[in-house]
1. Any idea which residue in the stretch 7-48 is farthest from the chain's Cα centre (by Cα), counting only those that are small (G, A, S) and either crowded, with 17+ Cβ neighbours inside 10 Å or over 13 Å from N128 (Cα atoms) (or both)?
2. Please go through the stretch 136-159 and pick out each residue that is open to solvent by 20 Å² or more (accessible area, probe 1.4 Å) and in contact with a Phe, Trp or Tyr (Cβ under 6 Å, 6 or more places away or on another chain).
3. Cβ-Cβ below 7 Å, separation at least six or inter-chain, first residue in the stretch 145-159 and at pLDDT 85 or above, second of a type in the set (K, R): which pairs?
4. Given the options L52, L79, name the one that is in a strand (DSSP E or B) and touching a Pro at 6+ places or on another chain (Cβ under 8 Å).
5. Hey, among the residues in the stretch 63-76 that are within 15 Å of V105 (Cβ to Cβ) and not in a strand (DSSP E or B), which one's most open to solvent (accessible area, probe 1.4 Å)?
6. Only one of I37, I32 is touching a Leu at 6+ places or on another chain (Cβ under 7 Å) and either modelled with pLDDT under 95 or part of a strand (DSSP E or B) (or both). Can you tell me which?
7. Which is surrounded by 13 or more Cβ atoms within 10 Å (Cβ to Cβ), at pLDDT 95 or above and closer than 30 Å to R31 by Cα, of T96, T60?
8. Scan the stretch 99-127 for residues that are open to solvent by less than 60 Å² (accessible area, probe 1.4 Å) and more than 15 Å from W54 (Cβ to Cβ) and report the count.
Amino acid sequence: MALSEQYLEEEIHPIDIVENLAEYHDWDFDRIGDDQIAMAVQGQWRTYSITLAWSGYDETLRMVCTFEMEPPEEKLGGLYELLNHVNDQCWAGAFTYWAEQKLMVYRYGLVMAGGQVASSEQIDTIINAAVLSAERYYPAIQMLVWGDQTPEQAMQVAIAEAYGRA
């Protein structure tokens with residue numbers, strides 16, 4: 001049975017769907033309010049903090065995936081250049097660095113204008129895309145910030161991503 005089949009008979013709030021997905025995947029989560037949920041999703045490199053919030057005003061499900069990062073001040077220019085390269089490769093979502101909060105951030109907004117309803121598969125895909133993107137580019141970011149690599153050199157790690165299975 002597809003994850004969304006249980007929702008076919010009634011419209012369900014997107015954050016309720018996220019909560020069900022978190023329970024299904026056994027992710028730690030905290031339902032912050034009716035329109036917001038925060039989760040911790042374990043990746044290969046680290047645990048990512050993921051928050052999803054529903055805005056009825058513009059009918060958008062906003063997802064923010066973050067991890068802490070404190071690059072030295074002199075590395076910020078290279079980091080922003082690297083993020084431009086990274087975002088050129090991201091078709092869904094984008095990375096930014098929130099210096100004040102010391103957070104690397106991957107953001108995505110699912111617009112559901114006109115009363116559209118998100119499926120659990122769509123929401124699951126958004127969350128998985130965030131984690132996979134963070135996992136893919138995390139080594140490149142680390143190489144730039146702590147390994148004295150140029151943005152171009154650091155991107156080679158992400159470009160060399162392996163496909164398939166052994």
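The values are calculated or read from the model by the stated rules, or taken from the named source; none is laboratory data. All values reported here derive from a predicted model rather than from experimental measurement. Glycine gets a Cβ as well: all are built from the backbone with ideal geometry, and neighbour counts include every protein chain shown. Keep in mind that these areas ignore ligands, DNA and RNA; they rest on the heavy atoms of the full protein, side chains included. Shrake-Rupley method; radii C 1.70, N 1.55, O 1.52, S 1.80 Å.
1. The initial filter retains those residues of the stretch 7-48 that are small (G, A, S), namely 22, 33, 38, 40, 43.
Restricting the remaining residues to those that are either crowded, with 17+ Cβ neighbours inside 10 Å or over 13 Å from N128 (Cα atoms) (or both) gives 22, 33, 38.
On the way: A22: 15, G33: 20, A38: 12 Å.
In this case the residue turns out to be G33.
2. First, the residues of the stretch 136-159 that are open to solvent by 20 Å² or more (accessible area, probe 1.4 Å): 136, 138-139, 142-143, 146-150, 152-153, 156-157, 159.
Scanning the stretch 136-159 gives a single hit, Y138.
3. These pairs meet every condition: V145/K75.
4. Working: L79 fails: in a strand (DSSP E or B).
Of the residues listed, the single one that is in a strand (DSSP E or B) and touching a Pro at 6+ places or on another chain (Cβ under 8 Å) is L52.
5. Here is the first cut: in the stretch 63-76, the ones within 15 Å of V105 (Cβ to Cβ) are 63-71, 76.
With not in a strand (DSSP E or B) added as a condition, the list becomes 69-71, 76.
Working: M69: 9, E70: 122, P71: 19, L76: 26 Å².
Ranking the qualifying residues of the stretch 63-76, first place goes to E70.
6. Working: I32 fails: touching a Leu at 6+ places or on another chain (Cβ under 7 Å).
From the options I37, I32, the qualifying one is I37.
7. Details: T60 fails: at pLDDT 95 or above.
Sole residue among the options that is surrounded by 13 or more Cβ atoms within 10 Å (Cβ to Cβ), at pLDDT 95 or above and closer than 30 Å to R31 by Cα: T96.
8. Counting residues in the stretch 99-127 that are open to solvent by less than 60 Å² (accessible area, probe 1.4 Å) and more than 15 Å from W54 (Cβ to Cβ) gives 6.
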